[in-house]
1. Could you rank the peptides 107-118, 368-379 by their average count of other C-beta atoms within 10 Å per residue, with the highest value first?
2. In sequence order, what are the phi-derived ³J(HN,Hα) couplings for region 598-607 according to the Karplus relation 6.51 cos²θ - 1.76 cosθ + 1.60 with θ = phi - 60°, rounded to whole Hz, with x for glycine and proline?
3. Once neighbouring chains are kept in place and the probe is 1.4 Å, which whole percent of the accessible area of region 131-228 is contributed by carbon and sulfur?
4. Under 8 Å for C-alpha pairs, at least 6 residues apart: give me the relative contact order for region 555-633, rounded to a whole percent.
5. Over region 463-521, with every protein chain in place, what whole percent of the accessible area is carbon and sulfur at 1.4 Å, could you tell me?
6. Return the long-range amide H neighbours of GLY155 (sequence gap of 5 or more, or a different chain), with a cut-off of under 5 Å between placed amide H atoms.
7. So how long is each side of region 511-633 along the principal axes, counting just the alpha-carbon atoms, biggest first, in Å?
8. Using the Cα gyration tensor of region 131-228, with a ≥ b ≥ c the square roots of its eigenvalues, what is the shape: rounded (a/c below 1.5), prolate (a/b larger than b/c) or oblate (neither)?
Amino acid sequence: MIVPMQKIQIISLKSNSKDFLSYLQKLGIVQLEPTNFNDESQFINDANKKSEQLSEKILNCKNAINILKTYKPKNSTKTKETITNSDTKTSIKSILGDIVSYKDDFAQIISDNDEIHSKTQSINYLNASIKTLTPYQNWNASFNHTTKNCKIILGYTNNIDKLRANIEDNFNAYLQEIAKVDSLTYLAITYFSTDSDAIFEYLKAQDFTTQDFTDLQDELNCTTPKDLIKTAAAKINSLNIDIQNLRDKMESNTNKLTEFSKYLSKSTNLLAQYQTMQMIIETESTCIFSGWIEASKLESLTRKLNPIDVAVIPIETDEEPPVLLKNPWIVRPFELITELYGLPKPKETDPDPVLSFFYFILFGIMLSDVGYGALLSIICGAVVWAIKPKGTMYKILMLMVFCGISSIFWGIIFGSYFGDFFTSALNININPLWLNPMDNPMPFLAFAFAVGAIHIIAGLAIQAFAYFKQGKWLDAIADCFTWIFILIGIGVAFIQPKIGMITTGSAASVLVLTQGRSAKNWFMKLFKGIGSLYGIVAYLSDILSYSRLLALGLSTGVIAMVINAMGMLGGGFTNVTGAIILTLVFIVGHVFNLAISTLSAFVHSSRLQYVEFFSKFYEGGGKPFSPFKEQHK
């Protein structure tokens, strides 16, 4: 159900506004909203400035925490860092004091981490340079051994003979072979300076790769390959020592993680207060807040605030309130499906109680396997028990628990236990409680269409109920009940043709007489009424969409049967090799099939809600209720 909301104004003394905000944040039951205020207000300007400064500190704190987590020793005892209410009951003055004391810690951690990355990059560069220099290590000449008239080119080629003959024929140059590594020959070519451009172009055409170590010579202040390699190795050792010292320093700082996490939680709550201050109207002696609260909690809030000289005033308004859903625990996980589409508007009907029933049924029919359903429920239930998730994660996992139960039910109905595993691998025949869809697809298809028709009729009934609440009785009868009886009549016609035709014809007559009621003349009224009968095509198209129940139900079973057949190729449990093959194929294959079938069932069950069901009554677009409250991470 959608919880009724009340718009309120809260007036507090300016002198205790910050303490009041802390108390309001602790209560966590009011959604504060921006109010028209004077942009030149000093109160607002101060809040803006403090909010910007604190945001920067929080960002640094988050960065420092993320950095320290990467340096936490792997063999250290894992402790769950839980921030409790008592950890956040700290004054603004105390938090601001923490900002001053931690500011240098955060900056130093970030700086040390940057230095580690920088030194690591230097090591990578030096290692690559040593690898490149290695072929030249026995060449005792200096890279700077050049004169005004002579130059040296270093490099390598994979065709030394061709290069040697051609270069000596075309240029007055000396080619010295330095080393051979695999198919590559490393060379030093001495040539006259006047031939520089020509020889470079020629070598490029001959697939000769030049190598230049000028930058490395400048950095290490060496000229011979052997000295460069030796100096680079020494520098790498020095950098590794520096990095290890920095890592040790980081590791010692990891004991501050809990402390930093508490600070982050407290400062995040303080930031929320500063941001809230930007929504306040300020007078000479008071501050005025505007927001929304659950109507049922208004009296309780007034009682709590009266002793501290804070007034709460209910306001009548035409504004659209935020939306908060409250449903029984068994329905709550299915709220996720509605939230993915969009929350209902405040005056709409909450679809979740009806949606939960149909989603439960549709998902189970699509997966419809006892083994898969049991695995899905057990795995998701175990995760809920182990990690105690909240919010969206809790809803997803519990949704799968319920949908797994539905799959078990429909698996028994259709006789599917990991497909035909018990029959093919164990020679145990388990008959379906009703029918096997692969043996009798047409009755299954008829059943799918019947489920679709009931689903659509439920959507029309919800719309009719909404019309009744608004006092629109004619709209409910003309726009909803006519189609409900047409669909019922078509279904009955397959069993009792005469009764079905009378029901459909009567409802269609009402449709023709009422669908043109907005037109001004009788001709247009009749024309629009007759034209409305074309709507039956849309409804039949919607019902045909439920054939996907047959398609997905069959695909799950067929893939499971194929997996079982593959597993039995080795003889199954009749021999050791066959048993191993069957076990491996069973685990890998059925886990894969469970994953893709669950995803398909989730997507297509949601699609039937959004397109075929919601289109009959639901608009969505409500804004979620987001109370001003403390955040504990």
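1. 368-379, 107-118
2. Couplings: 5, 4, 4, 4, 4, 5, 6, 5, 5, 4 Hz.
3. Answer for region 131-228: carbon and sulfur cover 42 percent of the accessible area.
4. 22
5. 70
6. HN-HN under 5 Å from GLY155: LEU187, GLN211.
7. Cα spread of region 511-633 along its principal axes, largest to smallest: 84, 52, 11 Å.
8. In terms of gyration-tensor shape, oblate.
The values are calculated or read from the model by the stated rules, or taken from the named source; none is laboratory data. Owing to the predicted nature of the structure, the values given are computational and were not obtained by experimental measurement. As a convention, Cβ positions derive from the backbone with ideal geometry for all residues, glycine included, and neighbour counts pool all protein chains shown. For the accessible areas, the whole protein counts, side chains as well, though only heavy atoms, and no ligand, DNA or RNA atoms are used. Shrake-Rupley method; radii C 1.70, N 1.55, O 1.52, S 1.80 Å.
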